[in-house]
Amino acid sequence: MLPTWLEVVLRAVAVLLAFLVLPLLVGQTEHKVMAHMQGRLGPMYAGGFHGWAQLVADGVKFVQKEDITPARADRWVFRLAPAVALVPYLVALAAIPLSPSVVGAPVDAGVVLVLAVIGVGVIGTLMAGWASANKYSLLGAMRAAAQLVSYELPLVLAVASVALAAGTLSLVGIAEAWSPWWLLWQLPGAVVFLVAALAELQRPPFDMPLADSEIVFGAVTEYTGLRFAFFLLAEYAGIVVFSLLFAVLYLGGWAGPLESWLGWLWTLLKGFVVAVVVIWLRVSWPRLREDQLQRLAWVWLVPIALFQLALTAVGVVMTS
Amino acid sequence: MSERDGILPGLVRGLATTARSLTRHTHTAEYPDVSPALPPRSRGVIALTEENCTSCMLCARECPDWCIYIDSHKEELPPTTPGGRARQRNMLDRFAIDFSLCMYCGICIEVCPFDALHWSPEFEYAEVDIRDLLHERDRLGAWMATVPPPPALDPGSAVPAEVTAAAKPKRPAPAGAAPAARARPARPARTEGGGTPARPPRPRREAPTRELPVTPPVDATQVIPVTPPAPEAGPGTPDAGGPAPRLQPGEGGE
Ligand code: SF4
Ligand code: SF4
């Protein structure tokens, strides 16, 4: 048995490593998949083989750039915002199990913790937008806040339905209680979760807060260099977190052949497939207008999520 | 599918389209690694065959933006035979094209009577400084190596003038009375605007030695001259032989 402090350090390093590698993997996949979906090749030079090191090169570039804080900005808030946006996803990633044993920090009420910390991320965006002293940033931040508040509800309701079906708030417990027929039973909830997750990530088609043709780059307009890179990293870390969460909640996580040895790999694979779907949606669909976006959340997603909750309740009562 | 049949089919179609292009070939041209397949008659740069150039300056004068620079001087060649006449010829001192001004209209190439200028498909001659785009004759001459042979004609295009000229039946050698005999059927046709209104020009085209039609077909579209001069004035004089008398009648029809 390892001493506690060593175990803590090891787990922290492992989570940090995953936090740095997985988003890059998703980012590179996005580069390539998006390019080919648009009939292009994407990065081809960095690293030699099909531009595999493109994001590493991007990182080096960002490090070299000047770190600018606008003169009228609220200095400390401005500088702190990237961290506030980034750290919640790090915490969430630590709590998501890849298999019952492969998990950064086993938490009993993992679902609650993950949803709670993900909700914190929006504060980073709000801080960035407010502190930038830029009207576009402020607009972007307000849009982001409105969007995240709207989509938080269907997201939580959808997850509540799964938790209800499994009878536990533990992520490990939910994945263990999962059975293939949930794919049908929880389908409306899964769709709601996916759509709401996309909106939480502020990715196309829900990128109204960033809409570059209207408000430059939303809340992060004024950011440069590493701080800007952190916002980007937060976005891709968010994809990783939501994809893994989707895999654990709706796709049975590590359920698959050779579960006891390769369980973590199954979770990663399923999460990766979900991430590719997220990329695919970005390439295929146009941006929603702000009113359409709110309408979708309140007129469609919330009722569907409530319907799913009722359906789950009926199912649980009938089978118990 | 109409545009109004709902948002969902449209979204699904979007997904299908992107998924399909994911499996298809990309359109990216990997240019520096793979050189592009240029179409025939590509206009890359203008190459010069210095030996063909007579410094006639036609290209420089026709160039719309005057970006061709030619300097030359006259040189006297000694007579080749004793007592002969010394000859002069133009020696090219400088031939330069400023490609920062050139608009690649190709007029210089069209206008050169001596085939000294040619299109080369070579296009990789970018410079850091715009002033370095003024290329002198050695550089222009080096590009001659990249000039491709003329491409085959497109299907259905007109027969080139050179081919038509070469395919024309040879004229019989002028010997004795032949020119006079030949001249007779040819001439009246030429003067048809002058004296013989009913005579069509066509017979001239056909076998030149053929006899004149006795009753020429009336061409309805032919213009009848207002003031018919003496019909025999034109065709009559050539009978005498030489071309000189032809000048005398001064007919409009000639
Ligand atoms: S291509 Fe046109 S513009 Fe260029 S040198 Fe010839 S005539 Fe001048
Ligand atoms: S038109 Fe042709 S022959 Fe005359 S100067 Fe130009 S390149 Fe030389």
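Before we move on, is A:Ala71 open to solvent by 70 Å² or more (accessible area, probe 1.4 Å) and among the small types (Gly, Ala, Ser)? Reasoning before the result, please.
Numbers: open to solvent by 70 Å² or more (accessible area, probe 1.4 Å): yes; among the small types (Gly, Ala, Ser): yes.
Criteria met by A:Ala71.
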Discussion item. Under 8 Å between Cβ atoms, which residue pairs at least 6 apart in sequence (or on different chains) link something in segment B:61-76 that is open to solvent by 60 Å² or more (accessible area, probe 1.4 Å) with a partner that is of a type in the set (Val, Ile, Thr)?
Written reply: B:Glu62/B:Ile107; B:Glu62/B:Val111; B:Pro64/B:Ile107; B:Tyr69/B:Ile97
Practice prompt. Check whether at least one residue in segment A:72-80 is within 14 Å of chain B (Cβ to nearest Cβ), in contact with a Gly (Cβ under 9 Å, 6 or more places away or on another chain) and over 16 Å from A:Phe242 (Cα atoms), and report yes or no.
Written response: no
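Does A:Ala35 qualify as being more than 30 Å from A:Ala133 (Cβ to Cβ), free of Cβ contacts under 8 Å to residues at least 24 places away in the same chain and away from chain B (no Cβ under 13 Å)? Outline the logic, then answer.
Values: more than 30 Å from A:Ala133 (Cβ to Cβ): yes; free of Cβ contacts under 8 Å to residues at least 24 places away in the same chain: yes; away from chain B (no Cβ under 13 Å): no.
Criteria not met by A:Ala35.
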Discussion item. What's the number of the only condition in (1) within 16 Å of ligand 1 (Cβ to nearest atom); (2) out of contact with any strand residue (DSSP E or B) (no Cβ under 6 Å at 6 or more places or on another chain); (3) open to solvent by 80 Å² or more (accessible area, probe 1.4 Å) that B:Pro39 fails to meet?
Written reply: (1)
Worksheet item: What residue, among those in segment B:49-87 that are of a type in the set (A, V, I, L, M, F, W, C) and within 11 Å of ligand 1 (Cβ to nearest atom), is nearest to the other protein chains (Cβ to nearest Cβ)?
Response: B:Cys67
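Among the strands (runs of 3 or more DSSP E) confined wholly to segment B:36-144, which include 2 or more residues that are closer than 30 Å to B:Asp154 by Cα, within 16 Å of ligand 2 (Cβ to nearest atom) and touching a Leu at 6+ places or on another chain (Cβ under 9 Å)?
Working: elements: B:45-48, B:68-77, B:87-98, B:117-120.
So the answer is B:45-48, B:117-120.
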Response to the item:
Apart from one, (1) at positive phi; (2) surrounded by 10 or more Cβ atoms within 10 Å (Cβ to Cβ); (3) more than 15 Å from ligand 2 (Cβ to nearest atom) all hold for B:Val163; the odd one out is (1)
Item to complete: Any residue in segment B:83-106 that's within 26 Å of B:Pro121 (Cα to Cα): show its pairings with residues that are away from ligand 2 (no atom under 14 Å from the Cβ) and aromatic (Phe, Trp, Tyr) at Cβ separation under 9 Å, as long as the two are six or more apart or on different chains.
Response: B:Phe99/B:Tyr125
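Every residue, every condition in (1) under 17 Å from the mean Cα position of the chain (by Cα); (2) at pLDDT 85 or above; (3) open to solvent by 40 Å² or more (accessible area, probe 1.4 Å), yes or no:
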| site | (1), (2), (3) |
| --- | --- |
| A:Pro106 | no, no, yes |
| A:Gly110 | yes, no, no |
| A:Gly121 | yes, no, no |
| A:Ser132 | no, yes, no |
| A:Met142 | no, yes, yes |
| A:Tyr151 | yes, yes, no |
Discussion item. Let me spell it out: the conditions are (1) within 12 Å of chain B (Cβ to nearest Cβ); (2) more than 27 Å from the chain's Cα centre (by Cα); (3) not basic (Lys, Arg), and A:Leu41 meets all of them except one. Which number is the exception?
Written reply: (2)
Worksheet item: Taking segment A:74-94, which residues are surrounded by fewer than 19 Cβ atoms within 10 Å (Cβ to Cβ) and farther than 21 Å from A:Leu155 by Cα?
Response: A:Asp74, A:Arg75, A:Trp76, A:Val77, A:Arg79, A:Leu80, A:Ala83
Worksheet entry | Looking only at segment A:283-306, and only at residues there that are touching a residue at least 12 places away in the same chain (Cβ under 8 Å) and open to solvent by 70 Å² or more (accessible area, probe 1.4 Å), the one that is nearest to the other protein chains (Cβ to nearest Cβ) | A:Pro286
Practice prompt. Working only within segment A:240-271, note down all residues that are over 21 Å from A:Gln186 (Cβ atoms), hydrophobic (A, V, I, L, M, F, W, C) and either out of contact with any Leu (no Cβ under 7 Å at 6 or more places or on another chain) or open to solvent by less than 60 Å² (accessible area, probe 1.4 Å) (or both).
Written response: A:Val240, A:Leu258, A:Trp261, A:Leu262, A:Leu265, A:Leu268
Item to complete: Identify the single condition in (1) surrounded by 13 or more Cβ atoms within 10 Å (Cβ to Cβ); (2) closer than 18 Å to B:Cys102 by Cβ that B:Leu22 does not satisfy, given that it satisfies every other one.
Response: (2)
Worksheet, complete the sentence: Note on A:Pro97: of the conditions (1) open to solvent by less than 10 Å² (accessible area, probe 1.4 Å); (2) under 24 Å from A:Leu269 (Cα atoms); (3) part of a helix (DSSP H, G or I), unmet is (3)
Worksheet, complete the sentence: Given (1) in contact (Cβ under 8 Å) with a residue 60 or more places away in the chain; (2) more than 14 Å from chain B (Cβ to nearest Cβ), A:Met318 misses just (1)
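The values are calculated or read from the model by the stated rules, or taken from the named source; none is laboratory data. No experiment lies behind these values; they were computed from the predicted model shown. Counting neighbours? That spans all protein chains shown, and the Cβs are built from the backbone with ideal geometry, glycine included. Only protein heavy atoms, including side chains, enter the accessible area calculation; ligands, DNA and RNA are left aside. Shrake-Rupley method; radii C 1.70, N 1.55, O 1.52, S 1.80 Å.
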